[in-house]
Amino acid sequence: MDVIELQAILAKEQHHPHYLLQMLRLVQEKENYISPQVMSFFAEKLNIPLTKVQGVVDFYSLLNTTPRDYHILFSNNIIEQLQGKEQLMKQLMSKLGVELGKVRADNRVCIDNTSCIGMSDQGISVLVNGLTITNLDEQRISEMVDLIEKKIPVSQWNAQWFEVKDNIQRKDQLLSTDFIAGSVLDKMKNNTADQIMEILKVAGIRGCGGAGFPLDSKWDFCRQTPADERFVVCDADEGEPGTFKDRILFQSYADLVFEGMTICAKIIGAKQGFLYLRGEYRYLLDSLEKILEKRRDQNLLGTAILGDSNFDFEIKIFMGAGAYICGAETALIESLHGNRGVPRRRLPYPVHQGYNKKPTVVNNVETFCLAVKALQMGGETFAKLGTEQSHGTKLLSISGDCKKPGIYEFQYGVSVREVLESCGADISNIQMVQNSGPAGNSLSPEDFDRKIAFEDVSTTGSIMIFNKDKDLLEVIQNFANFFVHESCGFCTPCRVGTSIIKNLVNKVRKGRGSNVDLKEMQDLSILIRNAAHCGLGMTATNHISDTLKKFPQIYKERLHNSESLHPTFDLDAALEDARQITHRQDAAAHLSA
Ligand SMILES: Cc1cc2nc3c(=O)[nH]c(=O)nc-3n(C[C@H](O)[C@H](O)[C@H](O)COP(=O)(O)O)c2cc1C
Ligand code: SF4
C-alpha cells in the first residue's frame with residue numbers, strides 16, 4: 001500500500017488514535033495483511049508507540065501480518081462442525097495444497113478456523129477475505145479451488161454465494177412492526193426526556209445482551225451523572241456461538257436500531273453514538289452506511305434533528321475485528337478507544353465512566369429495538385406482553401437438529417418445549433439443548449417444560465439442538481476450545497484454566513480419563529468462575545459444570561479407569577514412529593503391552 005493510500009485512510013478516520021483499529025481494518029481489507037511498514041506509519045502519524053500498534057494487530061484475529069491473496073476462515077461453530085465442516089475444509093486444503101493456518105509457499109492462500117461467524121442457520125460458512133459465503137458444499141469447494149488457482153478476485157465470484165438469508169420463521173410484535181423511519185422520533189418530538197422515560201419505565205424493558213438489566217435504570221443512571229458529554233453505544237458484537245438475531249435486525253430492521261439509539265441520545269443528551277459491529281458482519285456495512293446517510297437526508301441524524309435546535313446526534317459505525325471478548329461492554333469501550341479489547345473492572349460502570357471516561361449507555365441491538373416498539377405501542381400495552389418479570393418478546397436464533405432453523409420471536413413465558421415444537425425438532429430424540437451459547441446453560445429433556453424468561457430460563461437468544469445421535473463430548477470439546485481461543489489472556493485463572501479444561505476434556509474423550517480428572521474439571525470450573533476478572537471467565541465453564549451434573553454418563557462411559565490416574569500424554573503412541581523405524585512391533589516394544 002503506498003503512502004497516498006495510507007494518508008487517505010488517516011484522513012477518512014480523522015487522524016484520531018481511537019480509530020487505529022478502523023485504519024488497520026481498512027488496510028487488511030485492501031491488502032489482506034498488515035505489513036511492518038504500515039504499522040510503523042500509523043505509529044508515527046498517530047504519535048503512539050509501535051508496540052501498541054503491534055499489540056492491537058496481534059489481539060484481533062481477523063488481522064494478519066503475512067501476505068496472502070486469499071484468506072479463508074471456516075466458521076468453527078459446533079453446528080457446522082457436526083454438518084461436516086471439517087471434511088469440506090480438508091477437501092479445500094488438499095486441493096489447494098495448504099496446511100491449516102499456514103500460508104502456501106507462493107503467498108497466495110491461507111486457510112484457518114475462526115470462531116462462529118453468526119451463520120449457523122445457513123449451512124457451512126466461511127469468510128473469504130472478510131466476506132461471508134454460506135451453504136458450502138463439495139461443488140462450491142471445487143469451484144472455489146478453480147477461482148483461486150485462476151487468480152479471480154473475490155469481487156468477481158458468483159454473487160449468489162454471498163447471499164445471507166434472514167430466515168425469519170416466526171414473528172411476534174417486534175418483527176411484525178410496520179415501521180416508518182423517524183415515526184417514533186416524530187411521535188416523541190414534543191415530549192420531554194422525563195415524559196419519554198416514564199413510558200419506558202412502565203414498559204419495563206430488560207436488556208437482551210445477557211444480564212437483563214432494566215433499560216430505564218441504565219438510561220436514568222447515565223443521564224443523571226453530571227457531565228459535559230455523554231455517549232450511546234450499540235453492542236452488535238454478537239459473538240456467542242449460535243447467535244444470529246442481531247444480524248437479521250440489521251439486515252431488515254436497521255432503522256429500528258438507529259431510531260432506538262437516537263431516542264436514547266435525546267433522553268441522555270448524547271451527541272455521538274457508536275454502532276460496534278462485529279468484523280464478521282462486514283457484509284452488512286455498506287447497506288448500513290446507506291441507511292445512516294438516508295437518515296441524515298431525512299434530518300433524523302445530524303444537527304437540529306426534526307427541527308429541534310437542541311438535538312444534534314451522529315452515529316459512527318465502528319467495526320470489530322474478530323474478538324468475542326469485545327462484546328463485553330468494558331472491553332468494547334477499550335476497543336472503541338483503539339486498544340486491545342481487554343476488559344476493565346466494572347466499577348465505575350460505563351453509565352458513570354464509559355467512552356472517553358464520560359457517561360455512556362451500552363445496550364444490545366435488540367434492546368434498542370424494544371425501546372422503539374414500547375414507545376410506538378405505549379408502555380402499558382408493551383408491559384402486558386410476556387411475564388410479570390420479563391416484559392415483551394425475545395428473538396431466538398435456533399440451529400442444529402430441527403427442520404426449520406432460523407429466527408423465532410416469542411413472548412417471554414413460552415416453554416422450551418413449545419419453542420422446540422415450533423422449529424420442527426423431534427422432541428423425543430433430543431439429547432441436549434444448549435441455551436445462550438457455550439457460556440449459557442445446557443438443558444436436558446427434564447428442562448423442557450421450563451419457561452423462557454429472566455426468572456427461569458434466561459437467554460441471550462442462542463438455542464442449539466443436539467439429538468441423541470450426537471457425541472456430546474465433541475460438543476463440549478468444541479465449547480472448551482472456543483474459550484481457550486477467546487480468552488483475552490489478561491488473568492491467569494481464565495488464560496491457564498481454560499487450557500487445562502480443554503486438555504482434560506480431550507483426555508476423557510480419548511478414553512484416557514479417570515474419576516480424578518472429572519473431579520479436577522469440576523473443581524477448576526468453580527475456581528475459574530470465582531477467580532476470573534470478567535464475565536467471559538465467569539461463564540467459560542458453565543457447560544462443563546452443567547454437563548457433569550446433567551449428563552454424567554457421557555463422561556463416565558469414556559473413562560479408562562474410574563479410580564486411578566492416567567497421564568494425558570500417550571507415551572506408547574508417541575513412540576510409534578521410533579518403532580516403525582526400528583521395525584519393532586513385538587509386545588516388548590510396547591509400554592502398555
Ligand atoms: C464475554 C462477553 C461477551 C458479550 N457479548 C455481548 C454481545 O455480543 N452483545 C451484547 O449486547 N452484549 C454482550 N455482552 C454483554 C455486555 O457486556 C452488556 O451487558 C450488554 O451489551 C448490555 O446491553 P443490554 O443491557 O441491552 O443487555 C457480553 C458480555 C460478556 C461478558
Ligand atoms: S476472565 Fe478471561 S477474558 Fe476476562 S479478563 Fe480474564 S483472561 Fe481476559
_In the range 163-199, the residues that are among the charged types (D, E, K, R) and more than 30 Å from the chain's Cα centre (by Cα)_ = 186, 187, 189, 194, 198
*Is at least one residue of the range 568-588 assigned to a loop (DSSP other than H, G, I, E, B) and modelled with pLDDT of 95 or more?*
no
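Just to be sure before I move on: is residue 511 within 16 Å of ligand 1 (Cβ to nearest atom) and on the phi > 0 side of the Ramachandran plot in the structure I sent? Spell out how you get there, then give the answer.
Values: within 16 Å of ligand 1 (Cβ to nearest atom): no; on the phi > 0 side of the Ramachandran plot: yes.
In short, no.
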*asked:* Can you tell me how many residues within the range 214-232 are surrounded by 14 or more Cβ atoms within 10 Å (Cβ to Cβ), out of contact with any Pro (no Cβ under 7 Å at 6 or more places or on another chain) and assigned to a loop (DSSP other than H, G, I, E, B)?
replied: 1
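Filter the range 200-212 for residues that are surrounded by 15 or more Cβ atoms within 10 Å (Cβ to Cβ) and part of a loop (DSSP other than H, G, I, E, B); which is farthest from the chain's Cα centre (by Cα)? Even if it seems obvious, please write down each step before you answer.
Initial filter on the range 200-212 (surrounded by 15 or more Cβ atoms within 10 Å (Cβ to Cβ)): 200-210, 212.
Subsequent filtering for residues that are part of a loop (DSSP other than H, G, I, E, B) retains 204-205, 207-210, 212.
Working: 204: 26, 205: 23, 207: 16, 208: 14, 209: 11, 210: 12, 212: 18 Å.
Out of the qualifying residues, it is 204.
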*Any idea which of 283, 276 is aromatic (Phe, Trp, Tyr), surrounded by 15 or more Cβ atoms within 10 Å (Cβ to Cβ) and closer than 21 Å to residue 367 by Cβ?*
276
*Is it the case that the range 421-434 has a residue that's under 21 Å from the mean Cα position of the chain (by Cα) and surrounded by 19 or more Cβ atoms within 10 Å (Cβ to Cβ)?*
yes
_Residue that is nearest to residue 495 (Cα to Cα) [pool: residues in the range 449-470 that are touching a Leu at 6+ places or on another chain (Cβ under 9 Å) and surrounded by fewer than 18 Cβ atoms within 10 Å (Cβ to Cβ)]_ = 470
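Looking only at the range 525-541, how many residues end up being more than 12 Å from ligand 1 (Cβ to nearest atom), outside any loop (DSSP other than H, G, I, E, B) and crowded, with 20+ Cβ neighbours inside 10 Å? Don't jump to the end; show me each part of the working.
We begin by selecting, within the range 525-541, every residue more than 12 Å from ligand 1 (Cβ to nearest atom); these are 525-531, 541.
The next check asks that each one be outside any loop (DSSP other than H, G, I, E, B); those that pass are 525-531.
With the extra rule that they be crowded, with 20+ Cβ neighbours inside 10 Å, the set shrinks to 525, 528.
Selection size over the range 525-541: 2.
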_Of the criteria (1) closer than 30 Å to residue 242 by Cβ; (2) surrounded by 15 or more Cβ atoms within 10 Å (Cβ to Cβ), which one residue 182 fails_ = (1)
*Applying the selection to the range 364-387, what residues are surrounded by fewer than 24 Cβ atoms within 10 Å (Cβ to Cβ), in a helix (DSSP H, G or I) and touching a strand residue (DSSP E or B) at 6+ places or on another chain (Cβ under 6 Å)?*
383
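Tally up the residues in the range 328-348 that are under 21 Å from residue 264 (Cα atoms), of a type outside the set (A, V, I, L, M), out of contact with any strand residue (DSSP E or B) (no Cβ under 6 Å at 6 or more places or on another chain) and at pLDDT 95 or above, please.
Filtering the range 328-348 down to residues under 21 Å from residue 264 (Cα atoms) leaves 328-330, 332-333, 336, 348.
This time we only want the ones that are of a type outside the set (A, V, I, L, M), so: 329-330, 348.
Subsequent filtering for residues that are out of contact with any strand residue (DSSP E or B) (no Cβ under 6 Å at 6 or more places or on another chain) retains 330, 348.
Filter once more, keeping what is at pLDDT 95 or above: 330.
Within the range 328-348, residues that are under 21 Å from residue 264 (Cα atoms), of a type outside the set (A, V, I, L, M), out of contact with any strand residue (DSSP E or B) (no Cβ under 6 Å at 6 or more places or on another chain) and at pLDDT 95 or above number 1.
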*List the number of the failed condition for residue 259; all other conditions in (1) part of a helix (DSSP H, G or I); (2) more than 20 Å from residue 173 (Cα to Cα); (3) in contact with a Leu (Cβ under 7 Å, 6 or more places away or on another chain) hold.*
(2)
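The values are calculated or read from the model by the stated rules, or taken from the named source; none is laboratory data. All values reported here derive from a predicted model rather than from experimental measurement. Glycine also receives a Cβ, built like all others from the backbone with ideal geometry; neighbour counts cover every protein chain displayed.
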